[in-house]
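For reference, the structure is listed below as structure tokens.
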Amino acid sequence: MTLLHETKELLASITHAEKAKRLRGVAHNLADTFPGIESDPLICGGEPVIVRTRIPVWVLVQAGYLGMSEAEILQAYPVLQAEDLTNVWAFYRCHRDEIDQQIRANGAA
């Protein structure tokens, strides 16, 4: 039996109130999780990047600071999808100081 199957069986056996409590706990654990953004010390020195690419979040944020529209960013980086930019903006809202520091450290400010 897979873990997912076991989880489904367990969820079926608990009350709605218990499910709601577990859901709140899961949501809290995922609050600082950004799909499509990863940090790996072996990729770009550990700076957050778009998965499938080596494009750092700070580069895209800086492009926005410089006045590029989302359409222009997507045209300049054809490997990106609109969803990637949505993830970048959400990540930036939660990690503004870190990304702004990376922009300064890379001489882009």
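The values are calculated or read from the model by the stated rules, or taken from the named source; none is laboratory data. Fair warning: this is a prediction, and the values are worked out from it, not measured in the lab. Cβ atoms come from the backbone with ideal geometry, glycine included; neighbour counts cover every protein chain shown.
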task = Among what's in region 50-97 and is free of Cβ contacts under 8 Å to residues at least 12 places away in the same chain and among the charged types (D, E, K, R), pick the residue that is farthest from Pro35 (Cα to Cα).
result = Glu72
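Using the structure shown, decide if Ile14 is hydrophobic (A, V, I, L, M, F, W, C), more than 16 Å from the chain's Cα centre (by Cα) and part of a helix (DSSP H, G or I).
Criteria not met by Ile14.
This table checks each residue for (1) modelled with pLDDT of 95 or more; (2) closer than 17 Å to Pro78 by Cα; (3) under 14 Å from the mean Cα position of the chain (by Cα).
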{"site": "Thr7", "(1), (2), (3)": "no, no, no"}
{"site": "Leu10", "(1), (2), (3)": "no, no, no"}
{"site": "Asp32", "(1), (2), (3)": "no, no, yes"}
{"site": "Gly36", "(1), (2), (3)": "no, yes, yes"}
{"site": "Pro41", "(1), (2), (3)": "no, no, no"}
{"site": "Trp58", "(1), (2), (3)": "yes, no, yes"}
{"site": "Ala63", "(1), (2), (3)": "yes, yes, no"}
